[in-house]
Every structure is written in C-alpha cells, then in structure tokens.
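Have a look at the structure below before the remarks.
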Amino acid sequence: MTQPITTLRAWLDHLADKGRLAVARPGAALRFEVAALAKRLDGTRATLFPSPDQHPVPVVSGLISDRGWMAEAMGVTPDRVIARFQHAAQNPVPWREVARGPAQDVVHRDVDLKRLLPMPTHNEHDHGPYVTAGLLIARNPKTGVQNVSIHRLQLIEPNRFGVLLLPRHTMSFFQMAEESGQDLPMAIVIGVDPLTLLASQAILSLDADELEVAGALHGAPLDVVKCKTNEIRVPAQAEFVLEGRILAKAREPEGPFGEFPQYYGERAHRHVVEIDAVTHRNNPVFHTIVGGGLEHLLLGGIPREATLLAHLQRSFPGVVDVHLSRGGVCRYHLYVKLRKRSEGEAKNVILGAFAGHYDIKHVVVVDEDVDIHDPGEVEWAVATRFQADRDLVVIPHAQGSKLDPSTRDGLGAKMGLDATVPLDAPEFKFTRIRVPGERELDLGAVLDDDAALANWRTRLSARPGEQPLEGERS
Ligand SMILES: Cc1cc2nc3c(=O)[nH]c(=O)nc-3n(C[C@H](O)[C@H](O)[C@H](O)COP(=O)(O)O)c2cc1C
Ligand SMILES: [Mn+2]
C-alpha cells in the first residue's frame, strides 16, 4: 500500500486487502437496511452495498471505525495519530488547481437528487433520506478563502436540502452573504479519502482552509478543480460534487435526525441549500455516515483531541496525552494523562480543559502509568486514587452541549476528577502490583501444544494408579 491514502478508491482497496470490507447482497433497502448492516459491522468492517433499492450507484459506509484504521490511512502508528494531525493542522499545504479531474467525468445540469444519489434513511425517527457525509465547501465572500465542514442535509425537494449550520465558519460566510442580500455559493463533496474527511473536522481559525490540512496529511498538494457553475474549488478525485447555493432569506423545517450523543437532534427551521448541477466520476460510489456510529464519533473526536492537547500543553507542559472516550461520545468525557509537578496542578488542568471546548462535561486527570485509551484503567484510577471530598471539582451553570439532553438547552454542570496520586504519598502505598516477567513472556516458547493438553486430560480423568507422592492410604 502507498501511504498516506489520497482517494476513496485506494482506501476501499486497502480495506479489502485487510479483510475489512464486507459486500452486502445487492438490493438492500435504503430505509434502515443499509444502516442496520453498517451499524452491525461498525468497528470491525466497512460495508459496500451494490444496487441499494435497485439504484445504480453503490453505497459505502464505515470507512473509519477504529483509530488504528486512521493511523493506517496516515501511514503512522496509532499512538502518533494526534501528533500527525496536529503537525498537519500547523503546517498546511496549499492545494493545486488542475484543469480536469475525475470528479467531473459526468455532468448533470438537470438536478433530480433522488434519481442521482442513493440517499439512505438511518435511524428510526430520522425524518427522511439524508446526505450525511458531504463536505460543504464555501468561500469567504470578503476574502475568497475557502472553508470545509460536514453538515447533515435532508432532502426536502428534488433539488433542495434543509441543512443544519451550527454557528461556525459556514454560518459566518452565509451571514455575510445574506446581509448583502446574496445567496452563498458552495459545493457539497461526497466520496473522499479518510484523511480529507478528517481534515474537514480540523478546528481552525476563520480563513484557514481545511483542504490545505488535507494536503498536509497527504504529504502533497491536493488537486482541485473549479466547479462548473461557481468559483468553488473541489477535490479532483471526489466521487460526487453537488454545486449550489445556501439561499438567502429561506428557512425550512429539518429533522429530527439521529445524532452523535445517541439521541435525536430536533426538528426546527433551518437553512436551505439549492443544487444547480451535479458532477461525478464514472461509476461513482456514494458514501454515507450512519448518524451516531463510530465513523461519526471518531471523525469529530480525533481533531478535538489534537486541539485540546495543544490547548492544554500551552499552559501545562506536564500534560502528556488526552483522550475523548467512546462512552462520552468522543465529545463529552476527556481523560488527561499528566506528569504532575506540583500539588493542585491536576485541578488547574481540569479548569483548563473546560475552557478548551464547551462540549467538555467531565474531565478525569490521571498519572502517567494509566492507559487513557482503556476506560477500565481510568475507572481503576478513580476507584483507588480519588476522594470526592478532596479531588472533585464541580462548576454549576456553565455552557455545555445543546445536544446533551440532560442540560437545559445547553446549560449544565461541569465535573472534574483529580485521580492522580498525591506527590507526598508514601511510595509503596501506590506501588502497582506487578508480576515480574509477565509482559516479557514469549507465549510460543512457554506454552505446550495440543498433544500435551490431550495427554493431561487423560491423566486427570484416569483412576489413581501410580502415586507421585508416597503416603498412607486412608
Ligand atoms: C458526520 C458529521 C456530521 C456533522 N454534522 C454537522 C451538522 O449537521 N451541522 C454542523 O454545523 N456541524 C456538523 N458537524 C460538525 C462540523 O462539520 C465540524 O464542527 C466542523 O469542524 C466545522 O467546521 P468549521 O470550524 O470550519 O466551521 C458534523 C461533523 C461530522 C463528523
Ligand atoms: Mn473552518
């Protein structure tokens, strides 16, 4: 395999080589059946669905359902994923415009999205078919710099989507356009490699272009082509490009939709995207991300970890690593590994973490010997190194995630647990038990074979004959 991976097709090839791509029988239903299988195999295999609902375009899902897979796409070991992402975010590589690219092999100016795209419905109460893996690329109307982010898109008319724009960069660009009475030109790109998907989630300042982070992760400038109907530049290797505009002065109901906290995002009036043209590769593949699945969680989680680590390390050089746990939906629970230098430092780290992102709800700080990627280890540290009257930090009425249903519209409490060993504790008291030699054992060298086991079973079930130890019979 050549690494890093730069196209969806190269990635599917890689997954197939590793035995991690399952192919469904043709004709799975777009409503629930695609998501059911993709979710069942979440974490173990990606899935390819030929002719879903007899649609000529196949669907793929679950491209990344393990941190180790992302490491492979990057060409690094899993423990280097955060560092590699940080390096790319800090050293962006400008894209290179090319005249032609496969993303525009076929052009449709007559837009009937349902005919062109096999859009699935995933969770039980999702309002209908969605595009969930679309990279929305727009330009700052004032500076021309591009931005990339993923937004859920509900089909509401043959050429229109309802779109959820949280108050980040696309929303800022749109507000500039709408204030001057203009639509915001944009493109939605579906079917890119895992590194470009990950780059779309980089937490950067306004006017930093996430496609340049994709280039840095690829180790080479990303080839882009200009859209047919607007000025947006899109990855030349993409499977599908939907060219269009976010409409000024238009709002339509969108939702509900199954979201990352494993609950539904509510139905409400949202922005509207109108599509003017669709381009795609020859024999394109459609990518879908099941709402709330591991792909959804990890794509958001990894860049957040990178940002939080950099944020904490600015004030606390002793912070070694951070992890947003799966149980905390890769957003709400942060585990911090700290090389503590002063008593009380863990509490400062907790406060720093809350300031790093408003989604952070619970923070656990542990010592260097605890594996923060193993929730059982973190729980053990809390069980044996934490005392609630001494080590607990609670901050009431702070800003949290609106998608956390236990908050009051985002207003909620923060909790931090200092599960580090006091610096002045007697050393033996916190010495972890350890069997010398356990880790270093070569199992092949010390374990006997099946014949030995069979032999032992015979001996253990036989009547006592010969006695190895002499003694009086009772
Ligand atoms: C699968 C997936 C779906 C997402 N859906 C939405 C969405 O519907 N609306 C939204 O505002 N952000 C959504 N996000 C988060 C944004 O894409 C993300 O915060 C992005 O980094 C924002 O980019 P920006 O900082 O350039 O604005 C989603 C992320 C993922 C991974
Ligand atoms: Mn941005």
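Working only within region 329-371, note down all residues that are assigned to a loop (DSSP other than H, G, I, E, B), crowded, with 18+ Cβ neighbours inside 10 Å and acidic (Asp, Glu).
Across region 329-371, the qualifying residue is only 359.
Give the residue, chosen from 239, 212, 178, that is surrounded by 22 or more Cβ atoms within 10 Å (Cβ to Cβ) and either farther than 20 Å from residue 91 by Cα or more than 16 Å from ligand 1 (Cβ to nearest atom) (or both).
On the way: 212 fails: either farther than 20 Å from residue 91 by Cα or more than 16 Å from ligand 1 (Cβ to nearest atom) (or both); 178 fails: surrounded by 22 or more Cβ atoms within 10 Å (Cβ to Cβ).
One residue alone meets the criteria, 239.
Please find, among 299, 294, the residue that is in contact with a helix residue (DSSP H, G or I) (Cβ under 7 Å, 6 or more places away or on another chain), closer than 29 Å to residue 218 by Cβ and within 12 Å of ligand 1 (Cβ to nearest atom).
Values: 294 fails: in contact with a helix residue (DSSP H, G or I) (Cβ under 7 Å, 6 or more places away or on another chain).
None of the other options fit; the residue is 299.
With a cut-off of at least 1 residues that are under 16 Å from residue 165 (Cβ atoms) and among the acidic types (Asp, Glu), name the strands (runs of 3 or more DSSP E) lying wholly within region 197-298.
Output list reads 240-254, 268-280.
Looking for whichever is near ligand 2 (Cβ under 10 Å from one of its atoms) and touching a residue at least 24 places away in the same chain (Cβ under 8 Å) here; the options are 236, 208, 220. Which one fits? Outline the logic, then answer.
Working: 236 fails: near ligand 2 (Cβ under 10 Å from one of its atoms); 220 fails: near ligand 2 (Cβ under 10 Å from one of its atoms).
From the options 236, 208, 220, the qualifying one is 208.
Within region 115-131, is even one residue within 16 Å of ligand 2 (Cβ to nearest atom) and surrounded by 13 or more Cβ atoms within 10 Å (Cβ to Cβ)?
In the first step, residues of region 115-131 are kept if they are within 16 Å of ligand 2 (Cβ to nearest atom); the result is none.
No, region 115-131 has no match at all.
If residue 56 satisfies every condition in (1) surrounded by 22 or more Cβ atoms within 10 Å (Cβ to Cβ); (2) without any contact (Cβ under 8 Å) to a residue 60 or more places away in the chain; (3) within 17 Å of residue 117 (Cβ to Cβ) but one, which is the exception?
Among (1) surrounded by 22 or more Cβ atoms within 10 Å (Cβ to Cβ); (2) without any contact (Cβ under 8 Å) to a residue 60 or more places away in the chain; (3) within 17 Å of residue 117 (Cβ to Cβ), the lone unmet condition for residue 56 is (1).
Taken together, the values in this text are just the output of simple stated rules run on the coordinates, not laboratory data. The structure presented is a predicted model; accordingly, all values stated were derived computationally and were not measured. Backbone-built Cβ (ideal geometry, glycine too); neighbour counts: all protein chains shown.
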